[in-house]
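Q: Quick one: structure below, then a few questions.
The values are calculated or read from the model by the stated rules, or taken from the named source; none is laboratory data. Small disclaimer: the values here were computed from a predicted structure and weren't measured. Note that each Cβ is placed from the backbone with ideal geometry, even for glycine, and that neighbours are counted across all protein chains shown. For accessibility, only protein heavy atoms count, side chains too; no ligands or nucleic acids. Shrake-Rupley method; radii C 1.70, N 1.55, O 1.52, S 1.80 Å.
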Amino acid sequence: MAAALDEEEIDNDDYYSLLNVRREATQEELKASYRRLCMLYHPDKHRDPELKRQAEQLFNLVHQAYEVLSDPQSRAIYDIYGKRGLDVEGWEVVERKRTPAEIREEFERLQREREERRLQQRTNPKGTISVGVDATDLFDRYEEEYEDVPAGGFPHLEINRMHISQSIEAPLTTSDTAILSGSLSTHNGNGGGSITCALRRVTSAKGWGEVELGAGDSHGPVFGMKFFRNLTQRCFLTAQCNLQFSSRGVRPGVTTVLARHLDKNTMGYLQWRWGTQSSMNTSVVRDTKTSHFTFAMQVSAVWVSQRFVLWAAGLTASLRSFGRSGFFGTVVEYGAETKISRHSILGATVSVGVPQGVSLKIKLNRASQTYFFPIHLTDQLLPSAVFYATVGPLVFYLAIQRLVIKPYLRAQKEQELEKQREGASTETARKKQEAESAVLLMQESVRRIIEAEESKLGLIILNAWYGKFVTDNSQRHERAKVIDVTVPLQCLVKDSKLILTEASKSGLPGFYDPCVGEEKSLKVLYQFRGVMHQVLSRDNEALRIPKQSHRIDADT
């Protein structure tokens, strides 16, 4: 079974679309649709050998779809895994007498085992690179001319600090994971590094524990333990204990965090820390789809501060503002971040404070890697530094977005679509042939349906197209990719009504996908009670005609 499901595969045949029924369709709905398609495709209705052969293929496909969906066990498997889950290998591990719920549970267990095996074969690398830049010479240049410092010239930019950290995880068993992490730091010519090994064990569904051992050239060996536990469904606790060994002796430290869900979008935290920097911190964090709010207060042996954070989300970027005040100064931060690709997020933050001055922080998250560039601009509150720190990154980003990012993403999308089309070319050709065969088999039935509808001024499909339509003037250079589906739609008309379910239309009899990987629509021009109607619907939208809103006014 694991081998049967090892590779993810998208099923090319959607049985629900083929029978034109809802995914929640009852047995009566399935049977009614099946009987109608059987009457349409029955081989005995055709004398021509070629039409008879094509009818047999379509008849068998409809029969196969009905057999799967009418059986509760096979339908349960198909709903979860599609046609691939119905392979012989899958049935060997499941007794047919089991209920659909038991089958789902068995298949989900097999999938979890497969995911665990995949997890054991890969690591989870995470890394951070931070490069600090001193750019104060841009705004705070000396006016005096010293003998050993030439006047004029370009401003001097200096990299005064750097930090690199990396960690990897190695699953040992389904409950044990080994973690190796290390870091290197340097600041104004002085640096150091550390390495840490940890072993994490999941003790139950409610918690886990971790033991770590670290060593560094500046702090000495460290031994620590960490625990996590869900106390209730809305409350959890973490506790961390460590022992720092140095030439001055052993320094113990303890940190505990108690967190509780105050409501659906709000979390409350209470933290207590004892050791070299003892303190108590309480915070409230509210997260919604459009905003983020944090209020925190910290009390320690040295200082007291209050912090307020407000974050508002936009459609394509998030905006953040941050303020902090205490006995040692005041800091105000504001910034924005945006997703520039599927796995990359770019952000910039301007920090203005006393006595810190003005800084610009640029951050790039690429998958599990983080690149951070704090640029110190000035030690004073200069309006020019604030202006350039705010406007400069915005102008630079807009230029890069237009000249580099958008062309790159457009080319990448085209490459993916082309690769998808090449991979699906054989299947598309097969589907096209099946659709053309179905249209030939529908001709006689469609003629009778049209005669019956005309006699009562019913529903007549005049023209119908399916695929990609070019409606935007900026896309006029692109070619529309549509197919004529007038006959298949007319064949689905019953009692002057046409009902299409909420699924891709490419699976309907007589349809196929003319533009793989692109957005598709269905455009129908029809006549009802002698009046012209027209509708354009998206591919996965349910459609019911006739409707008064589709009517074309005579004066338009």
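Q: Which pairs turn up if I take residues in the stretch 249-267 that are on the phi > 0 side of the Ramachandran plot and look for partners that are outside any strand (DSSP E or B) with beta carbon separation below 6 Å, at least 6 apart in sequence or on another chain?
A: none
Q: Okay, moving on. Would you confirm whether any residue within the stretch 462-474 is touching a helix residue (DSSP H, G or I) at 6+ places or on another chain (Cβ under 8 Å), at pLDDT below 90 and not acidic (D, E)?
A: The answer is no; no qualifying residue exists.
Q: Separate question: What is the number of the single condition among (1) open to solvent by 50 Å² or more (accessible area, probe 1.4 Å); (2) under 30 Å from E337 (Cα atoms); (3) at pLDDT below 90 that N281 does not meet?
A: Just one mismatch for N281, condition (1).
Q: When the residues of the stretch 213-268 are narrowed to those that are aromatic (F, W, Y) and over 31 Å from the mean Cα position of the chain (by Cα), which ends up farthest from G182 (Cα to Cα)? Explain how you work it out, then say what you get.
A: Within the stretch 213-268, the first condition is being aromatic (F, W, Y), and the residues that meet it are 223, 227-228, 236, 245.
Now restrict to residues that are over 31 Å from the mean Cα position of the chain (by Cα): 223, 245.
On the way: F223: 15, F245: 18 Å.
Looking at the filtered set, the residue picked out is F245.
Q: I'd like to check which strands (runs of 3 or more DSSP E) are fully inside the stretch 481-556 and have at least 1 residues that are under 12 Å from N20 (Cα atoms) and of a type in the set (A, V, I, L, M).
A: Answer list for the stretch 481-556: 498-500, 543-545.
Q: Moving on. So, in the stretch 224-237, of the ones that are exposed (fewer than 15 other Cβ atoms within 10 Å of the Cβ) and not β-branched (V, I, T), which residue ends up nearest to T256 (Cα to Cα)?
A: Only one residue tops the list, namely M225.
Q: Being farther than 21 Å from G209 by Cβ and surrounded by 15 or more Cβ atoms within 10 Å (Cβ to Cβ) is the filter here, so list the residues in the stretch 244-267 that pass it.
A: If the condition is that a residue be farther than 21 Å from G209 by Cβ and surrounded by 15 or more Cβ atoms within 10 Å (Cβ to Cβ), then R251, R260, M267 are the ones that fit.
Q: Could you look through the stretch 500-531, keep only residues that are free of Cβ contacts under 8 Å to residues at least 60 places away in the same chain and hydrophobic (A, V, I, L, M, F, W, C), and pick out the one that is surrounded by the fewest Cβ atoms within 10 Å (Cβ to Cβ)?
A: V531
Q: Evaluate the following for L457: is it open to solvent by 40 Å² or more (accessible area, probe 1.4 Å) and at positive phi?
A: yes
Q: Working carefully through the options A367, A411, find the one that is hydrophobic (A, V, I, L, M, F, W, C), exposed (fewer than 14 other Cβ atoms within 10 Å of the Cβ) and without any contact (Cβ under 8 Å) to a residue 24 or more places away in the chain.
A: Answer to the selection: A411.
Q: Of all residues in the stretch 373-391, count the ones that are in contact (Cβ under 8 Å) with a residue 24 or more places away in the chain and open to solvent by less than 60 Å² (accessible area, probe 1.4 Å).
A: 11
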